[in-house]
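Beneath this line is the structure, given in structure tokens, with notes to follow.
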Amino acid sequence: MADSASILFNPRTYDPEHFDPETRRLLRATIDWFEARGKRRLIEDYRSRAWLGDFLDFAAREGLFATFLTPASAAGKDDQRWDTARIAALNEIFGFYGLDYWYAWQVTILGLGPVWQSDNAEARARAAELLAQGEVFAFGLSEKTHGADIYSTDMLLTPDGDGGFLASGSKYYIGNGNAAGLVSVFGRRTDVEGPDGYVFFAADSRHEAYRLVKNVVDSSKYVSEFRLADYPVAPADILHTGRAAFDAALNTVNVGKFNLCTASIGICEHAMYEAVTHASNRILYGRPVTAFPHVRRELTDAYVRLVGMKLFSDRAVDYFRSAGPDDRRYLLFNPMTKMKVTTEGEKVIDLMWDVIAAKGFEKDNYFAQAAIEIRGLPKLEGTVHVNLALILKFLRNHLLNPVDYPAVPTRLDAADDAFLFQQGPARGLGSVRFHDWRTAFDAYADVPNVARFREQADALCTFVETAAPDEEQSRDLDLLLAVGQLFALVVHGQLILEQARLTGLDQELLDELFAVLVRDFSAHAVELHGKDSATDDQQSWALGAVRRPVVDADRSTRIWERVEALSGAYEMGQ
């Protein structure tokens with residue numbers, strides 16, 4: 001039986017034995033650097049918006065980014081590879097200590113995406129060398145006026161007559177734009193119309209034609225606005241042209257989007273140690289706060305939601321690493337990690353904050369920054385609504401049209417995930433096929449709340465077959481998003497169960513988790529019932545899909561005891 005301490009990341013006991021020695025060393029060195037820095041300095045740097053120079057110096061000395069973010073095809077050392085499993089582990093550690101550190105790493109990943117997808121050998125070699133030197137990278141895609149609407153980019157490249165271009169225009173919301181050794185910039189040619197005119201090129205933030213305007217946020221994260229004024233783009237700087245540039249943009253977001261889930265997990269884990277420890281030691285009306293039934297319920301719900309986040313994200317790693325031209329299931333699980341896991345993170349923080357109340361505002365706690373930073377993750381790399389709309393493209397095939405696939409094993413091996421930079425054209429999502437989601441549920445048919453949730457999942461299939469939105473309703477995004485939330489819960493539950501099977505998670509914890517998911521499904525069904533354009537049949541279906549979880553007071557008490565055991569399990573040194 002897994003206990004609470006073995007499920008959550010704890011710096012005191014962390015030793016990822018499944019990784020190779022160099023990966024273990026680097027993960028441990030990162031933890032030790034933060035622990036040596038101490039909580040007071042960590043919080044003060046956050047409050048004073050200090051640039052992350054000390055952290056980046058540490059990462060450079062250790063070769064951290066170079067080891068984790070150089071694919072084998074560009075590697076100069078044996079331990080360098082693009083390994084999604086260990087990248088996920090580092091995301092969690094960065095989130096645990098502060099999202100500012102994660103952000104510098106995350107936008108480096110995004111900046112590298114177009115480079116590692118490029119056939120430009122010179123640019124790839126330059127990127128590998130910059131990584132080896134400890135440089136960070138940036139992803140120059142979004143703009144102040146258009147956001148991430150890359151169809152409308154105003155970064156213009158004018159031919160210079162010698163095979164190159166002069167680039168002029170501005171970019172907005174560009175992390176690391178103040179310090180990046182290489183900025184992957186998306187633009188379009190002035191002499192070519194349509195998609196054939198798109199260009200991805202490499203720029204240097206230190207060039208005199210690169211003008212840093214400002215940090216657009218009040219944070220240690222340097223989220224820049226920059227402008228190029230006749231910036232010279234040589235042929236050696238061109239990463240992609242035409243439709244390939246467009247595909248590189250979307251495929252890079254596919255790679256980077258995944259990182260948000262494990263960062264969210266790290267934030268919630270650190271906050272949970274603080275919240276449970278505080279609540280367990282707070283005396284109110286002569287009793288510990290944790291003696292009150294509603295407090296126990298909120299903290300237990302937060303804990304099981306966090307366990308679900310970890311199970312889903314860990315399993316999604318396997319599908320990323322096993323993906324290929326004939327298996328693109330990751331294209332559903334990817335927006336799920338971004339949308340579902342990060343919004344679960346918000347719920348986890350809110351549940352704990354309801355318990356610790358004013359304590360969550362105190363300047364000497366990690367929780368105060370966790371409560372702020374957890375809000376950002378659902379809004380990065382596409383909003384929740386954008387990603388919900390995306391997963392709807394997979395709904396019918398996933399629920400109703402399964403095909404056979406070989407079983408995907410746990411992927412913790414020291415392999416290079418080369419396909420992530422060979423994804424090809426970013427289209428054809430409606431043709432992606434999936435294995436039968438019911439298999440995961442069948443394995444736990446004897447767990448009461450898994451069985452109850454399965455009733456709701458089967459009901460959703462009936463909805464798709466008999467009451468799906470018609471052509472007119474399909475233009476009502478508000479209604480479709482409510483359907484998307486129901487579908488997301490089924491996918492969420494499926495991967496949770498697959499990972500539970502692979503890891504031997506005890507059924508009692510799983511039962512408590514699915515009690516929460518049953519309530520969530522019922523709430524979203526009621527929301528669908530209330531939509532303006534919902535038909536009578538859809539309204540009737542929605543109320544018919546509402547279920548009450550199977551209540552087991554003894555089970556809930558035992559899960560609460562695991563949560564209570566987190567009190568004092570970890571506290572960062574001063």
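Quick notes
- Computed FRET value (nearest 0.05) for Asp476 with Thr241, which takes r as the C-beta separation and R₀ as 45 Å: 0.70
- Annotation: Glu472 carries an accessible surface of approximately 140 Å², with a 1.4 Å probe and no ligand, DNA or RNA atoms counted.
- Shape category assigned to the stretch 437-574 from the gyration tensor of Cα positions, a/c cut at 1.5: prolate
- Cα-projected label distance for Asp154 with Glu129, points at 7 Å along beta-carbon direction, nm: 3.6
- Apportionment of accessible area to carbon and sulfur, the chain, percent (1.4 Å): 50
- Set of the stretch 305-322 residues, backbone N closer than 20 Å to the point 7 Å along the Cα-Cβ line of Leu250: 320
- Dipole magnitude (debye, nearest 20) for the chain, charges at Cβ of Lys, Arg, Asp, Glu: 920
- Cα-based helix-to-principal-axis angle, 243-257 vs the chain, degrees rounded to 10: 40
- Centroid-to-centroid separation of the stretch 409-471 and the stretch 518-549 [C-alpha atoms, Å]: 21
- Angle of helix 39-48 to the longest C-alpha principal axis of the chain, folded into 0 to 90 degrees and rounded to 10: 60°.
- Charge sum, other residues only, whose C-beta stays under 11 Å from Arg37's C-beta, Lys/Arg counted +1 and Asp/Glu -1: -2
- Added length on full extension, which subtracts the Cα-Cα distance from 0.36 nm per residue, Asp506 to Asp350: 53.5 nm
- Note on Glu22 and Thr145: their simple-model spin labels are 4.7 nm apart, each label 7 Å out from Cα toward Cβ.
- Put simply, when 507-515, 357-365, 120-128 are sorted by average Cβ atoms within 10 angstrom per residue, most first, you get 507-515, 120-128, 357-365.
- Set of the stretch 473-497 residues, backbone N closer than 14 Å to the point 7 Å along the Cα-Cβ line of Ser540: none
- The stretch 57-172, accessible area per residue, ligands and nucleic acids excluded (1.4 Å, Å²): 33
- Exposure of Ser431 as accessible area (Å², to 10), given a probe of 1.4 Å and all protein chains: 80
- Order of exposure, largest accessible area first, which applies to Thr300, Thr557 with probe 1.4 Å: Thr557, Thr300
- Cβ-Cβ FRET estimate between Ala445 and Val550, R0 fixed at 22 Å, reported to 0.05: 0.95
- Among the chymotrypsin sites (Phe, Trp or Tyr not before Pro) in the stretch 165-273, none sits in a DSSP loop with a Cβ that has at most 14 other Cβ atoms within 10 Å.
- Relative to the current alpha-carbon distance between Leu284 and Lys77, full extension at 0.36 nm per residue lengthens the span by 68.8 nm.
- Folded to 0 to 90 degrees: helix 553-564 orientation relative to the chain principal axis, Cα: 40
- Paramagnetic label zone (point 7 Å from Cα along Cα-to-C-beta, Thr383; backbone N under 20 Å) in the stretch 198-236: 217
The values are calculated or read from the model by the stated rules, or taken from the named source; none is laboratory data. In this text, all values refer to a predicted model and were calculated from it rather than measured experimentally. Cβ coordinates were reconstructed from backbone atoms using ideal geometry, including for glycine residues, and neighbour counts include every protein chain displayed. Accessible surface areas use protein heavy atoms only, side chains included; no ligands, DNA or RNA. Shrake-Rupley method; radii C 1.70, N 1.55, O 1.52, S 1.80 Å.
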